Amino acid sequence: MNDQSKAFTMEMDKSGSVASDTVMNPHKVTSRKVSVFYGLKQALFDIDLDIPDRAVMALIGPSGCGKSTFLRCLNRMNDTIPDCRVTGEIKVDGRDVHDPDLDVVELRGRVGMVFQKPNPFPKSIFENIAYGPRIHGLARSKSDLEEIVISSLEKAGLLSEVKDRIHEPGTGLSGGQQQRLCIARAIAVNPELILMDEPCSALDPIATAKVEELIDELKKNYCIVIVTHSMQQAARVSQRTAFFHLGILVEEGSTADIFTNPTDKRTQDYITGRFG
Amino acid sequence: MNEHTVKSYEEELGLLDRKIAQMGGLAEQLLGRSLEALERRDPKLAEDVVRSDRAIDDLEREVEEQVISMVARRQPMANDLRHIVGALRITTDLERIGDLAKNIAKRSLAIADEVHPRPLMTGIRHMAELALHQLKEVLDAYSERDAEKALSVWSNDTQIDAMYNSLFRELLTYMMEDPRNIGISTHLLFGAKNIERVGDHTTNIAETIHYLVRGFNITDDRPKDDQTSSTLISGS
């Protein structure tokens, strides 16, 4: 394990980086020596990764590299998997997510998640979004709730497309609209951190562009972590990129640096399509 | 370096290198022959140089088209991106070197019938030899991906600049001695300036190679020793 920790190259300040990408907001998430085990199999090895606020961090790497596993640690989604054990320390806003006093439901309110396949509830568009604020007690009145729903739809860039059919089933929307509905649902509970696990892999290029535009907008107010198989997408939407391979964090740096001049040969091989 | 999983990508990168090598070879040849034409006062050779510049122009266009197509289709990243962007930059410099050689050849045609002052021709020859050597070195540095060699080419350019400075003074003096020398001296001065410019394009290529191999630009300002733009010899 110690050998692997030596492989971490946390280069924060390489020359030749694009200035706007090196502007670093304070860290929203800090993780130290995070390891994950599925039964006896170790899936992540001693991950040290800090994630800046109001920016997009992309996690890239081949299938099975541990990037989704890491993402799921941030809102303790791995708790739902039997035999899964997480060690190390993860802090969101300085607060340990494994603190026994911490309410997991409240944590997941602060840390929203969007999945690979759009998964709206089999309910109306309105109810899809109202569900979260209602269970988290965020709305005091009906008009409060309506306001949250409308503003969430607006932030997700969906309002103009659905305003006439807000009480129709969410499942009747197109794939791209469904995904933006899920993003609207995630932001309705006013999270601080939004996790996206391959949010565009089931979408066509136009819907993908709309989601990416939305991510660009959202990063002004939220910390976003996105797992993606599309290197181009990581390059387009993120300010920082972390490359995972075989359960270790190989390299993390400004997106411009990672995609023009990565430090580690494994990163280079992966992003240029040289892994055999 | 591991090979790309997609073999045609690998082949395209190889093709790009071969075209650059071909262009480099042509540029070297053209420059060498234009200087020979100047020195030997050989109009036939000079005309030949002027005609052959076309081949470099054609190659430049081919490289440019290939680069644009690769950026669009492959969406290159990291070292591939630097490789492809580097090829585009180098091809522009090589094309300019071809143009400069053509210009030297044209000037040699203009002064073919005049008497060439021997000491000045020797100065030009030395300068040309050094420029040719630098060009050869930088092309080797490209094919070997040798950043150190590129750096040494880069810093050696000051020698060409120094030679140009002294040649510039000599030519001015020569013109002042006898106004009848002004015609040939002006052509030789422009010829020398062209060689000096070849040196500059060679250092550009060296900078590109450095970026391509190491991933960052040479940060020191290159010492610029061409002082002729602020030199004046008083006529009194």
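Here are the numbers for the structure shown:
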| quantity | calculated |
| --- | --- |
| Diffusion constant of the protein assembly as shown at 20 °C, which comes from Stokes-Einstein with the Kirkwood Cα-pair radius and 1.002 mPa s, µm²/s | 79 µm²/s |
| Fewest-first ranking of A:ASP83, A:ASP96, using other Cβ atoms within 10 Å as the exposure measure | A:ASP83, A:ASP96 |
| Note, ³J(HN,Hα) from phi for the range A:73-80, Karplus 6.51, -1.76, 1.60, rounded to Hz, x at Gly and Pro | 5, 5, 10, 6, 5, 5, 4, 7 |
| 10 Å Cβ neighbours from other chains, averaged over peptide A:265-275 | 6 |
| Per residue Cα convex hull volume in Å³ - calculated over the range B:1-71 | 80 Å³ |
| Sorted by Cβ density within 10 Å, fewest first, the residues A:PHE121, A:PHE70 | A:PHE121, A:PHE70 |
| Part-to-part distance (alpha-carbon centres) for the range A:138-196 and the range A:80-129, which is given in Å | 18 Å |
| Cα principal axis extents for chain A, largest first, Å | 56, 41, 33 |
| Table column - 3J(HN,Hα) (Hz), the range A:99-110, Karplus curve with 6.51, -1.76, 1.60, x for Gly and Pro | 4, x, 7, 7, 7, 4, 5, 5, 4, 6, x, 7 |
| Amide H partners (placed H, <5 Å) of A:ASN75, local residues excluded | none |
| Lys, Arg +1 and Asp, Glu -1 on Cβ, resulting dipole of chain A about Cα centre, debye, nearest 20 | 360 debye |
| Paramagnetic reach from A:LYS41 (point 7 Å along Cα→Cβ, amide N under 14 Å) across the range A:63-78 | A:63-67, A:69 |
| Sequence of A:SER152, A:SER124, B:SER108, B:SER34 once ranked by neighbouring C-beta atoms within 10 Å, starting from the fewest | A:SER124, A:SER152, B:SER108, B:SER34 |
| For B:172-183, mean number of other protein chain Cβ atoms within 10 Å | 0 |
| Principal axis dimensions, the range B:1-127 - Cα atoms, whole angstrom, descending | 62, 25, 16 |
| Rg over Rh, two decimals, chain B (C-alpha only, Kirkwood Rh) | 1.04 |
| Pairwise FRET efficiency - B:ASN217 versus A:GLN116, Cβ, R0 = 45 Å, nearest 0.05 | 0.70 |
| Alpha-carbon gyration tensor eigenvalues x 5, square-rooted, for the range A:28-94, Å | 20, 14, 11 |
| Links that overshoot a 29 Å alpha carbon limit, given the list A:LYS41/A:LYS219; A:LYS123/A:LYS210; A:LYS210/B:LYS19; A:LYS67/A:LYS123 | A:LYS41/A:LYS219; A:LYS210/B:LYS19; A:LYS67/A:LYS123 |
| Amide H contacts under 5 Å for A:HIS245, placed H, 5+ residues apart | A:VAL250 |
| Rounded to 10°, Cα long-axis angle of helix A:142-155 versus longest principal axis of chain A | 50 degrees |
| Sites A:THR87 and B:SER155 - FRET efficiency at Förster radius 60 Å, r taken between beta-carbons, to 0.05 | 0.70 |
| Helix A:125-135 vs. chain A, principal-axis angle (Cα, 0 to 90°, nearest 10) | 70 degrees |
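Bear in mind these aren't lab numbers, they're just calculated from the coordinates by the rules spelled out. All values reported here derive from a predicted model rather than from experimental measurement. With ideal geometry, Cβ positions are generated from the backbone for all residues, glycine too; neighbour counts draw on all protein chains shown.
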